[in-house]
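A short worksheet on the structure shown next.
The values are calculated or read from the model by the stated rules, or taken from the named source; none is laboratory data. Note that the structure is predicted; figures quoted are calculated from it, not measured. We place every Cβ from the backbone using ideal geometry, glycine too, and count neighbours over all the protein chains shown. For accessibility, only protein heavy atoms count, side chains too; no ligands or nucleic acids. Shrake-Rupley method; radii C 1.70, N 1.55, O 1.52, S 1.80 Å.
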Amino acid sequence: FQDSKFQEALSKINTIKEKVSRPFEKVVFVEGACYFNLNDFPKAITALELYVTTFPEGESFNPVRMALGRAYLANKEPEKGIEVLRKVAAEAPEFMAEAGVVIAEHLRKTDKADEALQILEKVLSGGVQNPAAIQAAMLSADILVAKGEVEKASEMMEKVRGVASGGENVAQMNNISLKLGD
């Protein structure tokens, strides 16, 4: 799995599953992650749901729920995906920003920009202090540019400039700044 050899990992997982009579936390986690990374979302959902129901106290419970929400969205089951992600955001504050960004991205893609902005506003209420909040701010600025609200988008980008540095953030900031310029 660490080497991104997901088919090989799944083959070994199937061998393990044949030899045991009950599911094991790490095995179910890796199985779900492999299917997710292979974009086999129906199988990922099955494994991730098994993890959530079987290991509610598991060490990867919330990351698995995040993946489950994403898998539902990718599998064109947005109601289920958003429901799972909202639960994660409500029950695990450390995942609130990440879950909000995923939901907002989905809403934006489905032409619900105003709803996306409302969620991003909640995410950003604590400030731009972590990578997920930086993503939320840049997504918010991008949506605002598309809506023609250039002043608000510029203000959002100023908040990000003070915190974001390095690779992907800079490229994303430059892209939004070009849109602002246009």
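Hey, can you tell me all the residues within region 56-75 that are open to solvent by 40 Å² or more (accessible area, probe 1.4 Å) and within 14 Å of F36 (Cα to Cα)?
Matches in region 56-75: P63, R70, A74, N75.
Taking the condition of being assigned to a loop (DSSP other than H, G, I, E, B), under 29 Å from E57 (Cβ atoms) and modelled with pLDDT of 90 or more, how many residues in region 82-131 meet it?
1
Would you be able to say whether some residue in region 2-11 is part of a helix (DSSP H, G or I), farther than 21 Å from G69 by Cβ and in contact with a Phe, Trp or Tyr (Cβ under 7 Å, 6 or more places away or on another chain)? Before the answer, list the steps.
Going through region 2-11, the residues part of a helix (DSSP H, G or I) turn out to be 6-11.
Filter once more, so that each one left must be farther than 21 Å from G69 by Cβ: 7-11.
Of the ones still in play, those that are also in contact with a Phe, Trp or Tyr (Cβ under 7 Å, 6 or more places away or on another chain) are 9.
For region 2-11, residues part of a helix (DSSP H, G or I), farther than 21 Å from G69 by Cβ and in contact with a Phe, Trp or Tyr (Cβ under 7 Å, 6 or more places away or on another chain): present.
Can you tell me which residues in region 12-55 are small (G, A, S) and exposed (fewer than 11 other Cβ atoms within 10 Å of the Cβ)? Spell out the reasoning first.
Step one: filter region 12-55 for residues small (G, A, S), giving 21, 32-33, 44, 47.
S21, the sole residue that qualifies.
Pick from E94, E98: which is charged (D, E, K, R), within 11 Å of the chain's Cα centre (by Cα) and open to solvent by 50 Å² or more (accessible area, probe 1.4 Å)?
Of the residues listed, the single one that is charged (D, E, K, R), within 11 Å of the chain's Cα centre (by Cα) and open to solvent by 50 Å² or more (accessible area, probe 1.4 Å) is E98.
Within region 124-162, track down each residue that is in contact with an Asp or Glu (Cβ under 7 Å, 6 or more places away or on another chain) and surrounded by 22 or more Cβ atoms within 10 Å (Cβ to Cβ). Working first, answer last.
The initial filter retains those residues of region 124-162 that are in contact with an Asp or Glu (Cβ under 7 Å, 6 or more places away or on another chain), namely 132, 139.
Across region 124-162, the qualifying residue is only L139.
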